[in-house]
Amino acid sequence: MPPHPIVVVAHDLRSAHNVGSIFRTADSAGLAGVVLTGFTATPDHRGVAKTALGAEDVVPWRHVADVHDALRELQAEGYTVAALERVPEAVGLGDVPDGAFPLALVLGNEVHGVPPDVLAAADLVVGIPQYGTKASLNVSVAFGVAAYGLVARVREAVGSG
């Protein structure tokens, strides 16, 4: 089966273990690839490899130093850029429009989230409902929820259920 038309953009993630977990989830969900930007660790970092357990060898990836360059490249390749963030204008994963695929999902820093200038460059913002007191998820966990929600949505949009 060809990969789902979704890539993840991991921007300025502090934890190499989170990056490794993102690779494992991207592989498991059958995503098209991973783009690492800013100071996010790459697979040559021991912590990424330890957590990715080989997924970094099978998921296509690239590093682009400047996140805005990466977003422009993805948009030129036909991707809709969607930031994963908790903001009032965020749409639910099930409400992503059919025409938004292929989609590039941008993840932000574990503490600061997706920066305002990156949010402004995004074509849309998607969010995950939060019901608890802390109203936050670890970035790799949030990515797992979002990845599978988006895979379900794209499969629905293209009729492959």
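Remark: PHE101, PHE23 ranked as PHE101, PHE23, counting other beta-carbon atoms within 10 Å and listing the fewest first. Taking every Cα-Cα distance in region 108-161 and sorting them into 10 Å bins from zero, the calculated P(r) comes out as 19, 44, 30, 7 percent.
In percent, rounded to a whole number, the relative contact order of the chain is 26, using alpha-carbon pairs under 8 Å and six or more apart.
Region 1-72 to region 83-101: how many Å between their Cα centroids? Taking the Cα centre of region 83-101 as reference, the centre of region 1-72 is 21 Å away. For the chain, DSSP calls about 5 percent of its internal beta bridges antiparallel.
Loop-located trypsin sites (Lys or Arg not before Pro) in region 109-161 (DSSP state not H, G, I, E or B) with no more than 13 neighbouring Cβ atoms inside 10 Å: LYS134. What the Cα atoms of the chain give is an Rg and a Dmax of 14.4, 40 Å. Give the longest segment of the chain that steers clear of GluC sites (Glu not before Pro) in DSSP loops with at most 13 neighbouring Cβ atoms within 10 Å, not counting the sites themselves. Longest site-free region, per DSSP loop and neighbour criteria: 1-76.
For the chain, the membrane-span-like helix rule (DSSP H, alpha carbon extent of at least 20 Å along the helix axis, mean Kyte-Doolittle at least 0.0) picks out 139-157; this says nothing about an actual membrane. Loop-located chymotrypsin sites (Phe, Trp or Tyr not before Pro) in region 72-161 (DSSP state other than H, G, I, E, B) with a sparse environment of at most 12 neighbouring Cβ atoms within 10 Å: TYR131. Modelled spin-label separation between ALA152 and HIS68, with each label point placed 7 Å from Cα along the Cα-to-Cβ direction: 3.7 nm.
Computed over the chain with a Gaussian network model linking Cα atoms closer than 10 Å, the most mobile of ALA52, ALA76, ALA16 is ALA76. Using alpha carbons only, the radius of gyration of region 5-74 set against its Kirkwood radius gives Rg/Rh = 0.94. For the chain, the 222 nm mean residue ellipticity estimated from helices alone, with every DSSP H stretch of n ≥ 4 adding -39500 (n - 2.57) and the total spread over all residues, rounds to -10500 deg cm²/dmol. Within region 1-110, the trypsin sites (Lys or Arg not before Pro) that combine a DSSP coil assignment with at most 16 other C-beta atoms in a 10 angstrom radius are ARG14, ARG86. For the residues PRO88, PRO129, PRO60, a GNM of the chain with alpha-carbon springs under 10 Å puts the largest fluctuation on PRO88.
Coordinate-derived values only; no laboratory data. Predicted model, so just to flag it, every value in this text is computed and none were measured. Cβ sites come from the backbone with ideal geometry, for glycine too, and all protein chains shown count toward neighbours.
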